[in-house]
Amino acid sequence: MKVAVIMGSDSDWPILKPAVELLKQFGIESEVTVASAHRTPAKVRDFVLAAPDQGIGAFIIGAGAAAHLAGVVASYTTLPVIGVPINATSLNGMDALLSTVQMPSGIPVATMAINGSKNAAIFAVEMFSIADEGLRQKLADYRAKMVQEVDKKAARVAAQL
């Protein structure tokens, strides 16, 4: 199963690239495209409607400003949609956050933190791991590695005292 990563502009790529890299670490393929809810709505619709036939099982959507892209994608699919609000305006991403999280009842978008694409990738992995024991183990290993990294940092700080 693949994750589709859609961004409203190529300027969003530096924010979403870590999600694609993290998915790759877990052995999950991604399909990445730029499509705008406002400027290329037909492209968005066609991409989303074709997604199940392309083996896509979830979407990670990044958008700033009005950030309607995740909601538009969610309106065309019953597959999980994970929104990543992007800090792209003078409002520091709050506009994107509120546009992404305030979806109408019945059309949910799981919303991550502003610029939180790594958590979006982890969330997609968690969803896929429901039916994949190997992914569950990879997640457990990933978390164990995080514990080790924190322990190393704590030891470095303690050594300076």
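The values are calculated or read from the model by the stated rules, or taken from the named source; none is laboratory data. Remember, it's a predicted structure, so these values are computed and weren't measured experimentally. No Cβ is skipped: glycine too gets one built from the backbone with ideal geometry, and neighbour counts run over all protein chains shown.
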Checklist outcome for this item: For I86, the lone unmet condition from (1) closer than 17 Å to S9 by Cβ; (2) at pLDDT below 95 is (2)
Item to check | Residue ID - surrounded by the most Cβ atoms within 10 Å (Cβ to Cβ), chosen from residues in the range 83-105 that are among the aliphatic types (A, V, I, L, M) and under 17 Å from A37 (Cα atoms) | outcome: V84
Checklist entry - Within the range 59-76, can one find any residue that is under 15 Å from the mean Cα position of the chain (by Cα) and of a type in the set (S, T, N, Q)? => result no
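This table checks each residue for (1) without any contact (Cβ under 8 Å) to a residue 12 or more places away in the chain; (2) touching a His at 6+ places or on another chain (Cβ under 7 Å); (3) farther than 27 Å from L139 by Cβ; (4) hydrophobic (A, V, I, L, M, F, W, C).
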{"site": "A4", "(1), (2), (3), (4)": "no, no, no, yes"}
{"site": "D10", "(1), (2), (3), (4)": "no, no, yes, no"}
{"site": "L22", "(1), (2), (3), (4)": "no, no, no, yes"}
{"site": "A35", "(1), (2), (3), (4)": "no, no, yes, yes"}
{"site": "F59", "(1), (2), (3), (4)": "no, no, no, yes"}
{"site": "A70", "(1), (2), (3), (4)": "no, no, no, yes"}
{"site": "T77", "(1), (2), (3), (4)": "no, no, no, no"}
{"site": "V84", "(1), (2), (3), (4)": "no, no, no, yes"}
{"site": "T100", "(1), (2), (3), (4)": "no, no, no, no"}
Next on the checklist: Anything in the range 135-161 that is surrounded by fewer than 11 Cβ atoms within 10 Å (Cβ to Cβ) and of a type in the set (G, A, S)? List them, or say none.
Outcome noted: A144, A154, A155, A158, A159
Checklist entry - Here are some residues: P108, P80. Which one is under 17 Å from the mean Cα position of the chain (by Cα), surrounded by fewer than 17 Cβ atoms within 10 Å (Cβ to Cβ) and modelled with pLDDT of 95 or more? => result P108
Checklist entry - Do the conditions hold for N115, that is, is it assigned to a helix (DSSP H, G or I) and either surrounded by fewer than 18 Cβ atoms within 10 Å (Cβ to Cβ) or in the same structural domain as V48 (by TED's automatic domain parsing) (or both)? => result no
Checklist entry - Residues of the range 45-67 being out of contact with any Phe, Trp or Tyr (no Cβ under 7 Å at 6 or more places or on another chain) and either at positive phi or surrounded by fewer than 20 Cβ atoms within 10 Å (Cβ to Cβ) (or both), which ones? => result D46, A50, P52, D53, Q54, G55, A65, A66, A67
Item to check | Filter result (surrounded by fewer than 19 Cβ atoms within 10 Å (Cβ to Cβ) and small (G, A, S)) within the range 1-44 | outcome: S9, S11, G27, S36, A42
